[in-house]
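The values are calculated or read from the model by the stated rules, or taken from the named source; none is laboratory data. Because the structure is predicted, anything quoted here is derived from the model rather than measured. Cβ placement follows ideal geometry from the backbone for every residue including glycine, while neighbour counts extend to all protein chains displayed. These area figures cover heavy atoms from the full protein model, side chains too; ligands, DNA and RNA do not enter into them. Shrake-Rupley method; radii C 1.70, N 1.55, O 1.52, S 1.80 Å.
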Amino acid sequence: MDIRTNAPRATARTRYELRHFNLIDMSPAPKPQYQRISKRLFKLLDYFVISNRLGEVLFAPIDVHFAPGEVCQPDLVFIAKEQAQIVGESAIEGSPALIVEVVWKGSGTRLY
C-alpha cells in the first residue's frame, strides 16, 4: 500500500515499516522468547561496545531512516563513534555500522 495515496488506519497493536513508500505490516508484537533473545544480544553487544569505547548500541523501537521512503525498526543498532552524527533527535539518519534483526521460523523475511 503506497503511503502517499492511501494510508491505513493504525491501531495501538499495529506496527509498520516503510519500504519504497509502501507500508509493511509488522504485526503481531514479538513473543516473550524473542524478547529474551533480543535482550541477551543487546547486553552482550552493549558490554563489548562500552568496554572498548566503540560507540553506542540502541534497541527497538528506534527508527532508522536509510533514505526517503526507507524507514525500518531493527531490533538492535550499533552506531560507531565515528558516525555519532547520524543519531538525530528522534531517529537514526543514515546507515549504522550494524543492525541486528532477530528472526525465527515463521517471522517472515526482512531485507535491510
Check your understanding: Rank Leu23, Leu41 by accessible area, highest first, at a 1.4 Å probe radius?
Key -> Leu41, Leu23
Revision key, fill the gap. With a ≥ b ≥ c from the Cα gyration tensor eigenvalues, square-rooted, and the rule rounded for a/c under 1.5, otherwise prolate when a/b > b/c and oblate otherwise, segment 19-85 is oblate
**Study point:** Pairwise label distance in nanometres, Phe48 with Asn22, each label 7 Å out on the Cα-Cβ vector
**Key:** 3.4
**Study point:** Accessible area (Å², 1.4 Å probe, nearest 10) - Arg40
**Key:** 140
Check your understanding: Just by accessible area at a 1.4 angstrom probe, what is the order of Ile79, Ile50, Ile24, Ile62 from largest to smallest?
Key -> Ile50, Ile24, Ile62, Ile79
